[in-house]
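The values are calculated or read from the model by the stated rules, or taken from the named source; none is laboratory data. What you see is a predicted model, and the numbers here were worked out from it, not measured in a lab. Here the Cβ is made from the backbone with ideal geometry for all residues, glycine too, and neighbour counts use every protein chain on show. Only protein heavy atoms, including side chains, enter the accessible area calculation; ligands, DNA and RNA are left aside. Shrake-Rupley method; radii C 1.70, N 1.55, O 1.52, S 1.80 Å.
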Amino acid sequence: QVQLVESGGGLVQAGGSLRLSCAASGKIFSIKAMGWYRQAPGKERELVARIISGGSTDYEDSVKGRFTISRDNAKNTVFLQMNSLKPEDTAVYYCNVQVILPPGNYWGQGTQVTVSS
């Protein structure tokens, strides 16, 4: 079983920064991808950013240039540095880990990010 522990959410003013962390633990032999999704009230969950095992990254268009995803492979930890935050970034942010071996798709418990105007 794989466990994900998230941290780093909170309340920040527009233009501020936050850094999210997600550490995966358990029987993990190979990870395909680690990423962050978010869900705002009344909206569907959407991909914010992800990093593939080879190091390539994907970003949702609205966060490009403001958010940076990175990963510590030795610690199976993924980070999301969020700069120049906007009120529309307010949402619950969920960590996601796709494991190749043993195969599985795992979600964190979610962390609230609130950006005030």
For the range 1-15, which positions are part of a strand (DSSP E or B) and closer than 29 Å to L101 by Cβ? V2, Q3, L4, V5, E6, S7
Within the range 40-56, the residues that are closer than 13 Å to V78 by Cβ and either surrounded by 14 or more Cβ atoms within 10 Å (Cβ to Cβ) or in contact (Cβ under 8 Å) with a residue 40 or more places away in the chain (or both) are V48, A49, R50, I51, I52, S53
Taking the range 1-39 and keeping only residues that are surrounded by fewer than 17 Cβ atoms within 10 Å (Cβ to Cβ), more than 20 Å from Y106 (Cα to Cα) and over 12 Å from the mean Cα position of the chain (by Cα), one is left with G10, L11, Q13, A14, G15, G16, S17
(1) in contact (Cβ under 8 Å) with a residue 40 or more places away in the chain; (2) open to solvent by 60 Å² or more (accessible area, probe 1.4 Å) all hold for D61 apart from (1)
